[in-house]
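The values are calculated or read from the model by the stated rules, or taken from the named source; none is laboratory data. All values derive from a computational prediction rather than experimental measurement. So basically every Cβ, Gly included, is an ideal-geometry build from the backbone, and we count neighbours across all protein chains shown.
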Amino acid sequence: MFNYFRKELDWGGRKLVLETGKMARQADGAVLARYGDTIVLCTAVGVRTAKPGQDFFPLTVDYQEKAFAAGKIPGGFFKREGRPSENETLVSRLIDRPIRPLFPENFRNEVQVIATVLSHDLENDPDIVAMIGCSAALTLSGIPFFGPIAAARIGYENGAYILNPTVAQMDNATLELVVAGTTEGVLMVESEAKELTEEVMLGAVTFGHAAFQPVINAIIELAEHAAKEPWPLVEQSETEIALKKRIDELGRATIAEGYKEVVKQERYAKVGAAKKKVVAQLTEEGLNADAAKTMLKDLEADIVRNAILDTGLRIDGRDTKTVRPIIAEVGILPRAHGSALFTRGETQALCVATLGTGQDEQIIDCLEGEYRENFMLHYNFPPYSVGEAGRVGSPKRREIGHGKLAWRAVHPLLPGKDIFPYTLRVVSEILESNGSSSMATVCGTSLSLMDAGVPLKRPVAGIAMGLIKEDRAFAVLSDILGDEDHLGDMDFKVAGTEFGITSLQMDIKITSITPEIMQIALAQAKDGRLHILGEMAKALTGSRSDVAPTAPRITIINVPKEKIREVIGTGGKVIREIVEVSGAKIDIEDDGTIKIAATTEEASKKAIDMIRGIVAEPEVGAVYTGKVVKTADFGAFVNFLGSRDGLVHISELTQGRVNRTTDVVNVGDLVKVKCLGFDDRGKVKLSMRVVDQATGEDISDRVGPKGGGRRDEAAE
């Protein structure tokens, strides 16, 4: 018999409900989490036995949004959900990051966590609900999990923090911060801010940590009623303990010596050779060489971590606060609209900015509805960047996550579309990587956009901080290396300007950290960020005054709303003709705003003249160029303002008497006409007779009276 239980609490002005025992009952743990009318089904399933020789923890987290949750039918040909969207990938990472450190260190069984959005009220974002539900499902499952965790979204407006702001409230907030953790402390932070101080950011984290404690208590109460029997923890055997001791005896000295090499590739070669020697000796002694690989990683971590705490010096010889040498270059690709090469130590990012028009905006279809994005940042991490050969294909979760982090860092500094009406795309190609390529992307993106003439409010830089924490002491590291990231306890990335933080991301690999450590890390990161901004200023201090010659020039004109239909034409015929004739790209908005983008001034002017010709009202006394579209016995019809026609009476075709209209003009002729006025029906009356057809000059004062038209008209 399944054990049904329901737990409710008021949280942030809305009701949070956790329910188990009703849905997905064959999963090891299943919780239906509800906040407002947003509902997420969260499940956790673990495999009872680990694969032989498995040396890593195979945890998979999948967050998936069902279109029916918002009363929609999926777009596309197949009309069903397909590959994960960018948002689904990012939320999957958001759930994964705080729960992964809470599994036992030697746990190698496969675990899969799935969060499915069943209902979205378009007010409460499902990501927080999913994080809480997945934590509850794992806590109930019996799978070894040292949770529970909870999470909260924090906004900041008018000097006050907002717990779980609605989608509408976030429109005016200067901060969006997601924080997750346990009762003891914080495990994960993800944020975007509008140049806020370190004190405000730290306050948001501590506010969120305190705010989600009732949720953790609710999950614990749920577990007391409905949790399954816990799986037995795998203890280290005496054989493994003996093997670990033997590895320490054989490898500590030589591996420690290898880590004294400051050049990455040479260090890897020396450490690799030392490890091979240990494995060979173990094989010769008949010991388990496969199990030794994981233990050797533990030995490396112990050597590196304690050396930093003991000496204050790191793998590459730096102290804990020094940033590696920086070289910033801009304008290195002649045909790109903006480009920058940012090199920091052995990490290098080539960032290229491209300016486009409204037609290049990305159309995103999500549960909240369809919207258009005019700033895209794509991060690529090819295998050669770390000296490896590997498969190149579609972006992985890590690449999507790193790109979004850099996007959040730069986004608050971008000009509004009313100031700079371009679509922006930046591609970051990581050419070398040894520590925080995402922060190198932030720096390179800032430089490439400024090189492209995008009027950023201020340059943005980023730095990655690390942590070594033991019972006896801790050390905060500025500008961490790849090895320090893998072997350390924290990956803490801070991006911003000289005035404040624009993005903060933190992942903790231990159970938690204290506010004191976070405060030190933020202060140290600020010093590092200001130093990096100074190095970037050597290449470019601000945005260029104009866009590149190869970039499209966008001119904005406004026309009356009622004229939009005339500019577009039946089935888009008129606008297509303007584009084909002028060579410009044209975007028309519902309010009558028209954006003309062209790479040459000539193309832009031609498009503008054609549009203005369509929307302009005939002005009495003005001279226009038009085309004869029809002839009749009594005169010729001339198209002279877009789709507007006027009549040139036979008596106004030329000086003197005219027998037939076709004696003077034929269909297709380009002529110059003067607007004489309007008849009683509002039709335009034109004259060719008073205009010099060669120069377009008005010669009314130099011509005589009308020629009189046809002979029969004169006789009458």
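For this structure, a couple of remarks:
- Put simply, of Ile596, Ile557 the only residue that is outside any loop (DSSP other than H, G, I, E, B), at pLDDT 90 or above, more than 26 Å from Gly668 (Cβ to Cβ) and not small (Gly, Ala, Ser) is Ile596.
- Filtering segment 312-338 to residues that are in a loop (DSSP other than H, G, I, E, B), under 30 Å from Ala473 (Cβ atoms), among the aliphatic types (A, V, I, L, M) and touching a strand residue (DSSP E or B) at 6+ places or on another chain (Cβ under 7 Å) leaves only Val323.
- Residue within segment 215-228 that is farther than 24 Å from Lys7 by Cβ, in contact (Cβ under 8 Å) with a residue 12 or more places away in the chain and in the same structural domain as Lys15 (by TED's automatic domain parsing) present: no
- The listed residue being assigned to a loop (DSSP other than H, G, I, E, B), touching a Ser or Thr at 6+ places or on another chain (Cβ under 7 Å) and touching a residue at least 40 places away in the same chain (Cβ under 8 Å), out of Gly444, Gly453: Gly453
- If you filter segment 473-507 down to residues that are over 23 Å from the mean Cα position of the chain (by Cα) and among the aliphatic types (A, V, I, L, M), you find that the one that is farthest from Gln265 (Cα to Cα) is Ala473.
- Filter result for Val17 (over 25 Å from the mean Cα position of the chain (by Cα), in a strand (DSSP E or B) and in the same structural domain as Ile219 (by TED's automatic domain parsing)): yes
- Verdict on Ile303 being of a type in the set (A, V, I, L, M, F, W, C) and either surrounded by fewer than 14 Cβ atoms within 10 Å (Cβ to Cβ) or not assigned by TED's automatic domain parsing to the domain that holds Ala475 (or both): yes
- Matching entry among Ala173, Ala130, Ala152 (being among the small types (Gly, Ala, Ser) and part of a strand (DSSP E or B)): Ala152
- In segment 262-271 there is at least one residue matching the filter, namely being outside the structural domain of Gly142 (by TED's automatic domain parsing) and among the aromatic types (Phe, Trp, Tyr).
- Output for segment 412-422, where each listed residue is at pLDDT 95 or above and surrounded by 20 or more Cβ atoms within 10 Å (Cβ to Cβ): Pro412, Leu413
- All of Val567, Val574, Val581, Val620 fail the test of being among the β-branched types (Val, Ile, Thr), buried (at least 20 other Cβ atoms within 10 Å of the Cβ), farther than 19 Å from Pro421 by Cα and over 30 Å from the mean Cα position of the chain (by Cα), apart from Val567.
- Against the test of being modelled with pLDDT under 90 and of a type in the set (Val, Ile, Thr), the options Val263, Val186 yield a single qualifying residue, Val263.
- Within segment 620-662, the set of residues being at positive phi, modelled with pLDDT under 90 and touching a helix residue (DSSP H, G or I) at 6+ places or on another chain (Cβ under 8 Å) comprises Gly642 only.
- Taking each residue of segment 255-269 that is under 14 Å from Glu484 (Cα atoms) and looking for partners that are of a type in the set (Lys, Arg) with beta-carbon atoms closer than 7 Å, six or more apart or interchain, yields Tyr259/Arg267.
- Enumeration of residues in segment 339-349 that are assigned to a loop (DSSP other than H, G, I, E, B) and on the phi < 0 side of the Ramachandran plot: Glu346
- Unique residue being in contact with a strand residue (DSSP E or B) (Cβ under 7 Å, 6 or more places away or on another chain), farther than 30 Å from Val691 by Cβ and outside the structural domain of Ser448 (by TED's automatic domain parsing) when the list is Ile557, Ile611, Ile588: Ile588
- Residues of segment 81-106 satisfying the condition of being modelled with pLDDT under 90 and either more than 24 Å from the chain's Cα centre (by Cα) or closer than 19 Å to Val178 by Cα (or both): Glu105, Asn106
- Listed here are the strands (runs of 3 or more DSSP E) enclosed by segment 466-539 that have at least 2 residues being within 19 Å of Leu413 (Cα to Cα) and at pLDDT 90 or above: 490-496, 501-508.
- Within segment 648-673, tally of residues that are within 10 Å of Arg689 (Cβ to Cβ) and of a type in the set (Gly, Ala, Ser): 2
- Some residue of segment 664-681 being surrounded by 18 or more Cβ atoms within 10 Å (Cβ to Cβ), in contact (Cβ under 8 Å) with a residue 12 or more places away in the chain and among the polar types (S, T, N, Q): no
- Annotation: Lys194 fulfils all but one of (1) under 20 Å from the mean Cα position of the chain (by Cα); (2) under 21 Å from Val91 (Cα atoms); the unmet one is (2).
- Some residue of segment 200-209 being within 22 Å of the chain's Cα centre (by Cα), over 20 Å from Val17 (Cα atoms) and surrounded by 20 or more Cβ atoms within 10 Å (Cβ to Cβ): yes
- Verdict on Asp491 being assigned by TED's automatic domain parsing to the domain that holds Val426, free of Cβ contacts under 8 Å to residues at least 60 places away in the same chain, surrounded by 17 or more Cβ atoms within 10 Å (Cβ to Cβ) and over 21 Å from Thr357 (Cβ atoms): yes
- Hits in segment 355-412 - residues which are within 22 Å of Ala597 (Cβ to Cβ) and either assigned to a loop (DSSP other than H, G, I, E, B) or outside the structural domain of Glu432 (by TED's automatic domain parsing) (or both): Thr357, Glu361, Asn374
- Set side by side, the residues Thr60, Thr38, Thr49 differ, and just one is assigned by TED's automatic domain parsing to the domain that holds Thr20, in contact (Cβ under 8 Å) with a residue 12 or more places away in the chain, crowded, with 20+ Cβ neighbours inside 10 Å and not acidic (Asp, Glu), which is Thr38.
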